[in-house]
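A short reminder: the numbers here are calculations on the coordinates, not readings from a lab. Given the structure is predicted, the values throughout are model-derived calculations rather than measurements. Cβ placement follows ideal geometry from the backbone for every residue including glycine, while neighbour counts extend to all protein chains displayed.
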Amino acid sequence: MSEDERISILTVFQTLKTKTARLLEPVVQAEGLTPLQASVLLQLYRQSAAVGDISEATCMGQANASSLCKKLEQGGFLTRSRGAADGRVVTLSLTPKGRGTAERIQRRLDHYLELLNTLPDSTRQELIRGLQAANQMLDYLFEQTKGDQDQC
């Protein structure tokens, strides 16, 4: 890989991260949340989950995910309950406040998807293929370096 390719890949990673944050932060800040907290609410909006599932989905260590969920619980967004069969498993569910917040965030994010639908089909499909390829590349890099890191 040439030096220009190396710099280009790193620049694209940083640019995507920065632009994604600029796009999403106003949406979640309007609800008094961080992007990561909003991500957890959106995951729980689809279905209740264990803290371990949230940890994996957000690429956070389990202790950090648990701490983040405790803050969301204190804010009235979710409830935590211990499993009857295994008391070590903590299941997270949205409260009515959490569900309403997730619905408002989802509506605002759906607006972005509606804007993408105005693109020509070929352009939209090319963008989707590019994002899927970037995701595969990151999965590959995580897999190859998982001994180097304790989380995603």
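Would you mind ranking 86, 53 by Cβ crowding within 10 Å, fewest neighbours first?
Details: 86 9, 53 17.
Going from least to most buried by this count: 86, 53.
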Computed over the chain: longest principal axis from alpha-carbon atoms vs helix 121-145 long axis, angle to nearest 10 degrees, is 70 degrees
To test your reading of the geometry: what angle, between 0 and 90 degrees and rounded to tens, separates the Cα axis of helix 96-116 from the longest principal axis of the chain? 10 degrees
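Mind running the shape call on region 57-117? Use the C-alpha gyration tensor, a ≥ b ≥ c as the square roots of the eigenvalues: rounded below 1.5 for a/c, prolate if a/b tops b/c, oblate otherwise. Provide the component values of the computation, followed by the final result.
Values: a/c = 2.54, a/b = 1.94, b/c = 1.31.
Note, shape of region 57-117 comes out prolate.
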Among 101, 57, 117, flag the residue with its Cα farthest along the positive direction of the charge dipole of region 3-118, charges on Cβ as +1 for Lys/Arg and -1 for Asp/Glu. 101
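Going by a ≥ b ≥ c, the root eigenvalues of the Cα gyration tensor, does the chain fall in the rounded group (a/c under 1.5), the prolate group (a/b larger than b/c) or the oblate group?
Numbers: a/c = 2.24, a/b = 1.37, b/c = 1.64.
It comes out oblate by the Cα gyration axes.
Rank the residues 80, 88 as a footprinting-exposure proxy: fewest other Cβ atoms within 10 Å of their Cβ go first.
Working: 80 14, 88 9.
Least to most surrounded, the residues fall as 88, 80.
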Across region 71-78, in residue order, what do the Karplus-derived ³J(HN,Hα) couplings come to in whole Hz, using 6.51 cos²θ - 1.76 cosθ + 1.60 with θ = phi - 60° and x for Gly and Pro? 5, 5, 5, 4, x, x, 8, 8
Label model pair residue 85, residue 127: point-to-point distance (7 angstrom along the Cα→beta-carbon line) in nm is 4.2 nm
Rounded to the nearest 20 debye, what is the charge dipole size of region 3-118 about its Cα centre when +1 sits on each Lys and Arg Cβ and -1 on each Asp and Glu Cβ? 500 debye
Rounded to whole Hz and in sequence order, give me ³J(HN,Hα) for region 51-61 from the Karplus expression 6.51 cos²θ - 1.76 cosθ + 1.60, θ = phi - 60°, writing x for Gly and Pro. 4, x, 5, 5, 4, 5, 5, 9, 6, 10, x
Could you work out how far helix 3-29 tilts from the main Cα principal axis of the chain, as a 0 to 90 degree angle to the nearest 10? 40 degrees
Amide H to amide H under 5 Å from residue 59: which residues, 5+ apart in sequence or cross-chain, H placed 1.01 Å off N in plane? none
A chain fully extended from residue 6 to residue 56 at 0.36 nm per residue, minus the present Cα-Cα distance, gains in nm 15.2 nm
Which value at 222 nm does the chain reach when only helices count, each DSSP H run of 4 or more adding -39,500 (n - 2.57), with the total divided by all residues and rounded to the nearest 500 deg cm²/dmol? -23500 deg cm²/dmol
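Provide 51, 12, 27 in ascending order of the number of other Cβ atoms located within 10 Å of each residue's Cβ, fewest first.
Details: 51 22, 12 11, 27 19.
If I rank by nearby Cβ atoms, fewest first, I get 12, 27, 51.
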